[in-house]
1. Once amide H atoms are built 1.01 Å from N in the peptide plane, which residues 5 or more positions from Gly111, or in another chain, come under 5 Å H to H?
2. Expressed as a rounded percentage, what relative contact order does segment 135-210 have, with Cα pairs under 8 Å and six or more residues apart?
3. For a Förster distance of 35 Å, can you work out the FRET efficiency between the beta-carbons of Asp159 and Glu34, rounded to the nearest 0.05?
4. If packing is taken as the average number of other Cβ atoms within 10 Å across a peptide's residues, how do 76-82, 53-59 rank, most packed first?
5. What is the set of long-range amide H partners of Gly89 at a cut-off below 5 Å, with H atoms built 1.01 Å from backbone N?
6. Taking Rh as the Kirkwood radius, which is the inverse of the mean 1/r over Cα pairs, what is the Rg/Rh value for segment 63-114?
7. Using Cα centres only, tell me the gap between segment 32-56 and segment 71-95 in whole Å.
8. Give the residue list of trypsin sites (Lys or Arg not before Pro) in segment 149-207 that are DSSP loop and have at most 16 other beta-carbon atoms within 10 angstrom.
Amino acid sequence: MKRNRLIQTVFLLLLLILALGTEASYAESFTSAEDAAAYVRGQMKERAEEISVTLDCPLAEDPYGGDAEAAFQDLWERALAHTGVPDEGDYIYKALESWSRQTSEDAVDGGIRYAVRIWPVFRTTKAQEAAVTAAIDSAFASMTFGDKDDYGKIRVIHDWICDNVVYEYTRDVDPHTAYAAACNGAAVCQGYATLAYRALRQARKGDTWF
């Protein structure tokens, strides 16, 4: 009995050591909220299963008032903000099926360190997103825009989607995704909308088309 208790105690201590050491071992550290958010955004595009960051704020310049949840909300909104990049902003948000997070704050020399862990669950994989990009590029190669104005170019992309996607709730591929619409030819409203968003953004280079 004593031996079993000793084994259990050692096992629990090892788990505690691993838990305490995990954050330090793989959390990315930042002093800028914008840089931390950019990292979170990049990890979501990579379809990371867990994202961990720390953000150090001087006490005199702490915008969150020691509130780790406020720090998370700010980073989350920045990470999902519109950037003009086709697979960022609302596109990432709509690719999320769910997410959970864990936040904490600790005093450090002259400031506060906010720790944020996010566990996102995505509707698509990184490989599927690459397939969407390829499908759109292939479609663009066959489209004729000529000297059409912006409305005319949008209409060409609109017609391509309508001609190649049917409204159907498929089960083998999540129908809420641009991948279902572009690569499976069947989707529901969100699938149509995210494909349109992605294609229209992909068609623009700054303020010009292609």
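FYI, it's all coordinate maths here, none of it is from the lab. As the structure is a computational prediction, the values presented were derived from the model and not from experiment. Ideal geometry is used to build each Cβ from the backbone, glycine not excepted, and the neighbour counts take in all protein chains shown.
1. Leu59
2. Numbers: 85 pairs, mean separation 18.0, N = 76.
This gives 24 percent for segment 135-210.
3. 0.35
4. The densest-packed peptide leads the list: 53-59, 76-82.
5. Thr83
6. With Rh from the inverse mean 1/r over Cα pairs, Rg/Rh is 1.09.
7. 11 Å
8. Working: sites: Lys153, Arg155, Arg171, Arg198, Arg201, Arg204, Lys205; in loops: Arg171.
Here the sparse-neighbourhood loop sites are Arg171.
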